[in-house]
Amino acid sequence: MKAVLDALRNIGGVRMAALVMKDGVPVVCSGADPALEADALGALAAGYLRELEQAATALSLPTPRRAFVGATRGSVYVHNLEAGLLVVLVDSGAPLEQVGPALDAAVTRLTRRTERTTATLTHIDQGRGAA
Amino acid sequence: MGFFTRIVSLGGADKGRIRELTRALATDPTAAAYAALAHEQALRGDAQAAARTAREGLGLHAHDEALQRLLERATTLLREARLRELAQELSTAPRPALRAELCALLLEAGRLERAEEAALEWSRHGGGADAWMAQAEVRARRYFADRRREDARTALDLCSKASAAAPADLRPLRLRLELCARVGAYAEALRSAAKLLELSPGDAVLEVRHRTLAALAPRSSELDTALREVERTGRLADEVATPAAPDSEASSRDEGAQPAHVRGMLTACVERDATVQFACAQRGSTALIHGEKGASAERAARGAREITTASRALARKLGLGALREVRCEHALDDQATATVLVQASDHGSAAVRVTGTAHERHTRALVAMVHALDTGAAR
């Protein structure tokens with residue numbers, strides 16, 4: 001998982017990439033920001049997604065799959081995965097046209113990995129049941 | 001534009017083209033003709049002439065987007081050229097007037113970090129009250145963008161220092177007045193207004209401001225409390241939101257606050273593009289919406305406002321500065337997707353809900369709406 005985040009982090013201008021649980025607890029993080037810890041980033045992203053969920057209800061939409069927030073001094077992507085959130089913090093002036101596709105690739109890799117882990121766990125559970 | 005460049009660029013063909021466009025403009029002064037001439041002048045590197053043409057065109061066609069863009073671009077080019085000149089002059093013969101101009105231009109360009117560096121540098125070289133004021137202005141601007149308490153505190157401290165050094169200077173008091181009034185510390189703002197009136201008695205605008213603040217003072221917060229509240233909510237006292245009340249087609253709570261042409265833009269956005277389900281523009285407590293009716297319109301406006309508010313708060317808490325864009329992608333059933341796209345300025349925002357992915361044309365339409373909201377309110 002760290003390798004997936006490191007690949008994102010290697011794009012110029014990407015300050016931090018973190019995989020956090022739905023409640024904001026960080027699982028793995030790549031890159032560091034002296035002014036922001038992974039815990040804080042996770043908590044803010046999780047809280048933000050909850051607020052978006054409420055707003056989406058008013059718009060008769062499901063919870064967003066991905067949110068991008070662009071501001072004067074940087075941007076943040078919050079991707080809502082099945083098992084957690086992928087949060088990417090980007091400096092202003094970073095090539096967003098590269099970050100978007102790289103984020104898609106990272107999501108695909110993370111989803112595949114999660115599916116494999118789930119399948120393995122199911123297989124183990126079934127084995128235990130049979131024994 | 002250098003002399004040599006001017007000679008080169010005034011080649012026969014170029015000169016002929018400009019003459020041709022000028023003649024076309026004289027016979028038919030449309031926005032497109034002004035834009036074509038300004039564009040040609042900008043291409044030839046004559047930003048000053050381009051700005052002049054665009055400004056003249058905007059005098060006749062105030063809402064033309066192409067002319068507005070051209071004027072902005074030409075102004076940016078001129079500013080960048082002047083900044084380069086100033087940097088050169090400051091390295092050879094630094095003097096206060098140049099430093100003041102540098103700070104003002106950097107502030108105007110929104111390059112706050114660079115402006116603060118320039119002001120600090122000036123301060124180190126004995127800039128005194130003027131340098132402190134330049135720093136205070138940067139901090140105040142940063143505060144209005146990020147709403148962080150320390151920025152406001154630093155700006156106010158710098159204002160106090162500048163006032164102590166130059167008691168007759170109105171600028172520190174004006175900045176203090178603006179900051180305190182915008183956060184809702186009306187009693188503190190009233191004190192600044194009173195001091196300003198002592199320095200410039202009979203100023204009609206100040207007298208009105210003083211009367212307004214005197215009326216608001218009973219429900220004033222302490223400065224610290226007000227700053228903490230703004231930091232918590234991310235909302236200044238003059239931006240307190242009330243629920244939007246759109247009606248069947250497009251509506252406004254306060255007709256005077258919204259320029260009429262925003263309605264036209266909303267209508268065009270929804271009716272000319274089949275993928276747009278609704279478009280919404282908001283500023284202060286006013287919301288205009290097109291594409292939804294009745295209760296759905298109200299819900300949609302509320303949803304768009306909540307997305308903007310939450311995103312503003314996130315950007316502020318992450319230290320990313322003022323919100324400019326939000327893009328929320330939603331996966332619907334049967335592989336379909338929907339996107340909510342928001343463009344925001346410091347005071348207003350515009351949003352669309354589109355089926356599928358939002359494109360550049362949606363962004364352009366929203367940017368124009370936000371610009372119209374801002375310029376409409378400034379008029």
Pick from region B:315-345, criterion open to solvent by 10 Å² or more (accessible area, probe 1.4 Å) and on the phi > 0 side of the Ramachandran plot, ranking: nearest to the other protein chains (Cβ to nearest Cβ): B:319
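Residue by residue, here is whether (1) of a type in the set (A, V, I, L, M); (2) farther than 16 Å from residue A:52 by Cβ holds:
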site: B:327; (1), (2): no, no
site: B:331; (1), (2): yes, no
site: B:342; (1), (2): yes, no
site: B:347; (1), (2): no, yes
site: B:350; (1), (2): yes, yes
site: B:353; (1), (2): no, no
site: B:356; (1), (2): no, yes
site: B:359; (1), (2): no, yes
site: B:364; (1), (2): no, yes
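Would you mind listing the strands (runs of 3 or more DSSP E) fully within region A:54-98 where at least 2 residues are touching a residue at least 40 places away in the same chain (Cβ under 8 Å) and of a type outside the set (D, E, K, R)?
So the answer is A:85-91.
Here are some residues: A:5, A:36. Which one is at pLDDT below 90, crowded, with 22+ Cβ neighbours inside 10 Å and either of a type outside the set (Asp, Glu) or touching a His at 6+ places or on another chain (Cβ under 9 Å) (or both)?
A:5
Looking only at region B:281-302, filter to residues that are part of a helix (DSSP H, G or I) and touching a residue at least 12 places away in the same chain (Cβ under 8 Å); which one of those is most open to solvent (accessible area, probe 1.4 Å)?
Step by step, filter region B:281-302, then rank; the result is B:302.
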Going by the conditions given, is residue A:47 farther than 15 Å from residue A:14 by Cα, under 14 Å from the mean Cα position of the chain (by Cα) and touching a residue at least 24 places away in the same chain (Cβ under 8 Å)? no
For residues in region B:293-314 being over 24 Å from residue A:45 (Cα atoms) and out of contact with any Ser or Thr (no Cβ under 9 Å at 6 or more places or on another chain), which is farthest from the other protein chains (Cβ to nearest Cβ)? B:295
Quick one: in region B:162-209, which of the residues that are modelled with pLDDT of 90 or more and polar (S, T, N, Q) is surrounded by the fewest Cβ atoms within 10 Å (Cβ to Cβ)? B:163
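The values are calculated or read from the model by the stated rules, or taken from the named source; none is laboratory data. Since we're looking at a predicted model, the values are computed, not measured. In this analysis, Cβ positions are derived from the backbone assuming ideal geometry, glycine residues included, and neighbour counts consider all displayed protein chains. These accessible areas exclude ligands, DNA and RNA; they are computed on the full protein's heavy atoms, side chains included. Shrake-Rupley method; radii C 1.70, N 1.55, O 1.52, S 1.80 Å.
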